[in-house]
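Engineer: To start, I am sharing the structure in question, which I have written as structure tokens.
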Amino acid sequence: MHKLVKRLFSTIFLVFIIASAVWGYTLTREDSSSSLETITIGYQAGDPIDIAKTRGQFIKKMKKAGYKVVFKQFQNGSAEMEALASGNIDYARTGDTPPVTALASGSSITFVAAGSSKAKGSGIVATKSSGIKSISDLKGKKIAYTSNTSSQYMIMQVLKKAGLSTSDVTLVDMSQSDASVAFAKGKIDAWTNWDPYTSSAELTYSGAMIVTGTTVGASNRDYIISGSYAKNHPAASKALIKYLGQDMTWANTHKTKLVKMMTKSLKLPKKVVERMVNRRSYSLKAVSTKATSEEQAISDSFYTDGITKKKVKISKYVLNLK
Amino acid sequence: MADTILSIENLSKKYQGKVALNSTNLKIKNGEFVALVGQSGGGKSTLLRLIAGLEPMTSGTISQNNQLIHGINSNTRVMFQDDRLLPWKTVRENITFKKPKNSETAEVVNQLLERVELQGFADAYPASLSGGQRQRVALARALFVNPEILLLDEPLGALDALTRSKMQKLILDLWQERKMTVILVTHDVHEATKMANRIYVVKNNKIEATFENPLAYPRTDATCTNLSTTILNKIIDQD
Amino acid sequence: MQTLEENPHNIKINLAKILTNLLHYLLPWTIPTLIIISWQLASINGLIESTILPSPWQVVQTTITSLQSGVLEQNMAISLYRALSGFVIGGSIGFLLALCTSLSQTLNLLLDSSVQMLRNIPHLALIPLVILWFGVGESSKISLVTIGVLFPIYINTYHGIRSVDSNLIEMGHSYQLNSWQLFWHIIIPGALPTILMGVRYALGVMWTTLIVSETLASSAGIGYMSTNAQSFMDMSTILMCIMIYALLGKLSDLMAKSLETSLLNWQIKGGMING
Ligand SMILES: Nc1ncnc2c1ncn2[C@@H]1O[C@H](COP(=O)(O)OP(=O)(O)OP(=O)(O)O)[C@@H](O)[C@H]1O
Ligand SMILES: [Mg+2]
């Protein structure tokens, strides 16, 4: 009797496990309304693409235009650049730095669109206990940054502005999640990063933003980057820019809704999201000459500092849709 | 009764050039109980394995009922010192093994188990049996197919004295009931003299001596002592 | 009358038995329970900052909301699908490969040293290659699990078959079993304990590999949930995922164990056949 119950139980359990796995399988199959051309877009949590994805309009409009959009979330820009190079994704939203280093290492990528400046939300946050009030106080301090992100350019520009060299401070290259723990525990004095990490550091860990991108001319724009796909599919690129642009306009005019939406999807405190949203604006347009020259400046500065080994002319890689 | 069942002529076996058995001749009559004794490494097991067809011979012939043996000899069954029961099969499955399961075979198994006093153990796994019980299962398994010749390679070597003497009696009884031929390899000369009609001393890879043992059954220790001493002397004799 | 006299004694014995049984069940849980209780207390008293380590109760709440929104179930189902298909594919390949190399000397010479060479590559080092070959979709995650599972199954099956008691195989020969019977009645059961050990180990590898593979360009799965939470310091979700890993690990171990007890019941002293 006992044996029978046991057997019955294991059978039910097995059926349950297999049924769950089958359900999981069906979940991974995106609905294949397949006559549409599939476009795969890489993004990072909380970025403009994430907004468009969560809002849901973009995917519908693209469908009407004949494209099926698949989103893939990445942890950082370098991973997106790799996926672009191997053709696993068609477009990617990154910050300003990963495309510069990718170009210098010989990848063939294209700037498809640029966003508006996030200079106010990007900068250096100092811990309360560090006693850092201005950039000149950075001397001798321990500063975290993340290589191959906008924070690398930021810290270089800030040091230049303060008249300090890299040997005057202790630079530690850390991932965002490691750095946020280190910051919270006071293991580092200052942290070079961008929203929502900066606002989170300010509000949750009572840090102070001692310098922003505005002061040192680091805009930290969003960019939409593509491999060879954008060049070969101008119509898709046009539709993408147009509809993403519309979502960005919506974001600018519906900030309360946006805050609510992002608070939920990012699982961050509301005040953090609020600060992030309110100190930036949203847009995605064809790449302007201003954006191009900013990227050129990053590229040149990385080359001079020996971070990259190749001089690159950015304007050659900007998509011209005319 | 007097006809030859097994006839071995000039049988030799070499393992990688090393002699294990050297041109041996042997004739065994139907229904005899024969024992092989002798020094370790003398070639007793080799001889038994050749008869069973477990090893190819190097030269010579073995014939059973005037038929040459090559390959597995299916008219014999071997029982070893280790029981070689399959741990994942029950006692019943171990005994029937290849035979289809029907009521007839089930009946045969039940009778056999009863004979070796293991009734009620048909569905037990070997892990739950004692060493003596397992050897009795192995014996039942060997008898299940009614072999003409039962080959025993030190089957009782690992058992305690009491179980051992019980098993000796059981084997003798079964031999007499079934009128089969038995070849027993043993280290224990006393066991050989108590059980066998004839005893061969295997030494230096061949049969060195033969002793007839016409004593009537049941034999007692006392009646066997003289013969045992003679055989033992022959074994340790340095010539 | 006699039964009446005996009863109190019996009850006493039964009670003692039940108590020791209960103790056996409860004892393994005491340390985890104590840790959780003291953790909760420390959180309530503010000894542990909730941004660094949320309280168990917060984790429970996160779990409940994730369950209510259906997010957790979906991600678990997707992870389960990846894990199981990787396991089935890798397990079968490893098993068949091991059959080839352990049963045929020629195939052994041909394949075994190559497999042994590949086996020593940490399979997570293959991630870049797997992405290049299989992209960032489902197939890359499944194939990573496949590779992770393949080797332990291979090694254990190979080893299990190779170390089957040769006396038993000879016994099979003397019963004139054909190759198939020999394989099915002697070699496989003989190798089964070792193979199942491999299965148990492979189940562990399956989960760890899956979690890593789900941090790669993923948009679903438990591993994704945890990395996603990590980038925003969502500690309670991270802890929830860790709990789920522990749970899944324990669950698969239990499954392997019950598989062992049901397939290897002949190993238990006094074990009787099921029927
Ligand atoms: N498979 C084998 N490979 C190589 N040599 C073997 C093999 N089997 C037996 N021999 C050798 O053949 C000789 C005879 O061995 P056998 O097993 O027949 O002796 P035995 O009389 O049964 O000894 P024991 O009383 O110790 O069992 C020994 O020298 C042994 O080393
Ligand atoms: Mg021997």
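A short reminder: the numbers here are calculations on the coordinates, not readings from a lab. Everything numeric in this text was worked out from a predicted model, so none of it was measured. Cβ atoms come from the backbone with ideal geometry, glycine included; neighbour counts cover every protein chain shown.
Engineer: Calculate for chain C the 222 nm mean residue ellipticity that helices alone would give, adding -39,500 (n - 2.57) per DSSP H run of length 4 or more and normalising by residue count, nearest 500 deg cm²/dmol. Walk me through the numbers before you get to the answer.
Structural biologist: On the way: 10 runs with 204 residues, N = 275.
It comes out at -25500 deg cm²/dmol, rounded to the nearest 500.
Engineer: Here's a follow-up. Under the rule a/c < 1.5 gives rounded, and otherwise a/b versus b/c splits prolate from oblate, where does chain C land using the Cα gyration tensor? List each step's numbers first, then the result.
Structural biologist: Working: a/c = 2.99, a/b = 1.11, b/c = 2.69.
Judged from the Cα gyration tensor, chain C comes out oblate (a/c at least 1.5, b/c at or above a/b).
Engineer: Report for chain B the percent antiparallel among DSSP-assigned beta bridges with both residues inside it, nearest 5. Walk me through the intermediate numbers first.
Structural biologist: Values: 21 of 39 bridges.
For chain B, the DSSP antiparallel bridge percentage is about 55.
Engineer: Can you put A:LEU164, C:LEU99 in order of Cβ neighbours within 10 angstrom, beginning with the fewest?
Structural biologist: A:LEU164, C:LEU99
Engineer: Here is a further query. Greater than 31 Å separation of Cα atoms is the criterion. Which listed pairs, B:LYS98/B:LYS206; A:LYS133/A:LYS257; C:LYS17/C:LYS250; A:LYS72/A:LYS270; A:LYS142/A:LYS309, meet it? Before the final figure, lay out each step's value.
Structural biologist: Working: B:LYS98/B:LYS206 36 Å; A:LYS133/A:LYS257 35 Å; C:LYS17/C:LYS250 27 Å; A:LYS72/A:LYS270 25 Å; A:LYS142/A:LYS309 27 Å.
Violating the 31 Å Cα-Cα cut-off are B:LYS98/B:LYS206; A:LYS133/A:LYS257.
Engineer: Also: What distance in nm lies between label points placed 7 Å from Cα along the C-beta direction at A:THR54 and C:VAL60?
Structural biologist: Simple spin-label model gives 2.9 nm for this pair.
Engineer: Enter the mean number of other protein chain beta carbons within 10 Å of the beta carbon of each residue in B:223-231, as an integer.
Structural biologist: That works out to 0 on average.
Engineer: How much mean residue ellipticity at 222 nm does chain A get from its helices, if each DSSP H run of length 4 or more adds -39500 (n - 2.57) and you divide by all residues, to the nearest 500 deg cm²/dmol? It would help to have the intermediate numbers written out before the result.
Structural biologist: Numbers: 14 runs with 154 residues, N = 322.
Taking each H run of at least 4 residues, the total per residue is -14500 deg cm²/dmol.
Engineer: Each residue of the stretch A:207-213 in turn: what ³J(HN,Hα) in whole Hz from Karplus with 6.51, -1.76, 1.60 and θ = phi - 60°, glycine and Pro shown as x?
Structural biologist: Residue by residue, the stretch A:207-213 yields x, 10, 7, 8, 7, 10, x Hz.
Engineer: If the label point is 7 Å along Cα→Cβ of B:SER7, which residues in the stretch B:16-47 have backbone nitrogen under 15 Å from it?
Structural biologist: Answer for the stretch B:16-47: B:25-30.
Engineer: On to the next question. Does the stretch B:105-239 come out rounded, prolate or oblate, given a ≥ b ≥ c as the square roots of the eigenvalues of its C-alpha gyration tensor, rounded meaning a/c under 1.5 and, failing that, prolate meaning a/b above b/c? Kindly include the intermediate steps, with their values, before the conclusion.
Structural biologist: Numbers: a/c = 2.12, a/b = 2.00, b/c = 1.06.
In terms of gyration-tensor shape, prolate.
Engineer: Per-residue HN-Hα couplings for the stretch B:214-227, Karplus 6.51 cos²θ - 1.76 cosθ + 1.60 at θ = phi - 60°, whole Hz, x for Gly and Pro?
Structural biologist: x, 3, 7, 8, x, 9, 9, 4, 4, 5, 8, 4, 4, 4
Engineer: In peptide B:81-88, how many Cβ atoms from other protein chains are near each Cβ within 10 Å, on average?
Structural biologist: Values: counts 0, 3, 2, 7, 2, 9, 8, 12.
Average per residue, whole number: 5.
Engineer: Another one. Can you work out the FRET efficiency for the pair C:SER258 and A:SER129, with r the C-beta to C-beta distance and R0 = 60 Å, to the nearest 0.05?
Structural biologist: Working: r = 54 Å, r/R0 = 0.90.
The computed FRET efficiency comes out at 0.65.
Engineer: On to the next question. Using a ≥ b ≥ c from the Cα gyration tensor of the stretch A:163-306 (square roots of the eigenvalues), is it rounded, prolate or oblate, where a/c under 1.5 gives rounded and otherwise the larger of a/b and b/c decides, a/b for prolate?
Structural biologist: On the way: a/c = 2.20, a/b = 1.22, b/c = 1.81.
Note, shape of the stretch A:163-306 comes out oblate.
Engineer: For n ≥ 4 DSSP H runs only, could you compute -39500 (n - 2.57) per run for chain B, divide by its residues and tell me the 222 nm figure to the nearest 500? Working shown, then result.
Structural biologist: Working: 7 runs with 83 residues, N = 239.
The helix contribution divided over chain B gives -10500 deg cm²/dmol.
Engineer: In whole Hz and in residue order, list the ³J(HN,Hα) couplings for the stretch A:55-70 that follow from phi through the Karplus curve 6.51 cos²θ - 1.76 cosθ + 1.60, θ = phi - 60°; x for Gly and Pro.
Structural biologist: 5, x, 6, 3, 4, 5, 5, 5, 4, 4, 6, x, 10, 9, 9, 10
Engineer: If you don't mind, there's one more thing I want to ask. Put +1 on the Cβ of each Lys and Arg and -1 on the Cβ of each Asp and Glu in the protein assembly as shown; which of B:GLY131, C:ILE242, C:GLY160 then has its Cα farthest toward the positive end of the dipole?
Structural biologist: C:ILE242
Engineer: Another question about this same structure. Taking every DSSP beta bridge that has both residues in chain A, what percent is antiparallel when rounded to the nearest 5?
Structural biologist: Numbers: 18 of 34 bridges.
Beta bridges within chain A, antiparallel portion: roughly 55 percent.
Engineer: Follow-up. Between C:TRP184 and A:THR304, take the C-beta separation as r, use R0 = 56 Å, and let me know the FRET efficiency to the nearest 0.05. List each step's numbers first, then the result.
Structural biologist: Values: r = 72 Å, r/R0 = 1.29.
Result of the calculation: an efficiency of 0.20.
Engineer: Under 5 Å between amide hydrogens, which residues at least 5 positions from A:GLY42 or on another chain qualify, with H placed 1.01 Å from N in the peptide plane?
Structural biologist: Amide H to amide H, under 5 Å and 5 or more residues apart or across chains, A:GLY42 pairs with A:LYS72, A:ASP90, A:TYR91, A:ALA92, A:ARG93.
Engineer: Ok, one more. DSSP beta bridges in the protein assembly as shown, what fraction antiparallel, as a percent rounded to 5?
Structural biologist: Details: 40 of 74 bridges.
If we restrict to bridges inside the protein assembly as shown, about 55 percent are antiparallel.
Engineer: Take chain B, connect every pair of alpha-carbon atoms lying under 10 Å apart with a spring to form a Gaussian network, then pick out the residue of B:GLU148, B:GLU93, B:GLU177 with the largest mean-square fluctuation.
Structural biologist: Highest fluctuation among the options: B:GLU177.
Engineer: Using R₀ = 22 Å, calculate the FRET efficiency as 1/(1 + (r/R₀)^6) where r is the Cβ-Cβ separation of B:TYR15 and C:ILE169; round to 0.05.
Structural biologist: Details: r = 19 Å, r/R0 = 0.85.
So, using R0 = 22 Å, E works out to roughly 0.75.
Engineer: Given H placed 1.01 Å from N in the peptide plane, which residues other than close sequence neighbours of A:VAL172 have an amide H under 5 Å from its amide H?
Structural biologist: Correct list: A:ILE143, A:ALA144, A:TYR145.
Engineer: Taking each residue of C:72-84 in turn, how many C-beta atoms of other protein chains fall within 10 Å of its C-beta, and what is the average? It would help to have the intermediate numbers written out before the result.
Structural biologist: Values: counts 0, 4, 3, 2, 3, 10, 8, 3, 9, 10, 4, 2, 7.
If you average over the peptide's residues, the count of other-chain Cβ atoms is 5.
Engineer: Among A:LEU159, C:GLN267, B:LEU172, pick out the residue whose Cα is farthest towards the positive end of the charge dipole of the protein assembly as shown, where Lys and Arg carry +1 and Asp and Glu carry -1 on C-beta, about the Cα centre.
Structural biologist: Working it through, the farthest residue towards the positive pole turns out to be A:LEU159.
Engineer: Any idea what the dipole of chain C comes to, in debye rounded to 20, about its Cα centre with Lys/Arg Cβ at +1 and Asp/Glu Cβ at -1?
Structural biologist: That gives chain C a dipole magnitude of about 160 debye.
Engineer: Something else now. Using the basic label-point model (7 angstrom from Cα toward the beta carbon), what is the B:SER165 to C:SER113 distance in nanometres?
Structural biologist: Computed distance between label sites B:SER165 and C:SER113 equals 6.1 nm.
Engineer: Can you sort B:LYS179, B:LYS203 by how many other beta carbons sit within 10 Å, fewest first? Each step should come with its number before you reach the end.
Structural biologist: Values: B:LYS179 9, B:LYS203 20.
Least crowded to most crowded, the residues run B:LYS179, B:LYS203.
Engineer: Oh, and also: Which of C:ASN108, C:ASN21, C:ASN156 ends up with the largest GNM mean-square fluctuation for chain C, with Cα atoms connected below 10 Å?
Structural biologist: Of the options given, C:ASN21 has the highest mean-square fluctuation.
Engineer: Another question about this same structure. After finding the eigenvalues of the alpha carbon gyration tensor for the stretch B:85-146, what semi-axes result from the square roots of 5 times each, listed largest first in whole Å? Could you put the intermediate results ahead of the total?
Structural biologist: Details: eigenvalues 54, 30, 21 Å².
Over the Cα atoms of the stretch B:85-146, the semi-axes work out to 16, 12, 10 Å.
Engineer: Please compute the length gained on full extension between A:TRP23 and A:ASP47, using 0.36 nm multiplied by the number of residues separating them and subtracting their Cα-Cα distance. Intermediate results must be reported in sequence, preceding the final value.
Structural biologist: Working: separation 24, 0.36 × 24 = 8.64 nm, distance 2.99 nm.
Here the segment from A:TRP23 to A:ASP47 would lengthen by 5.7 nm.
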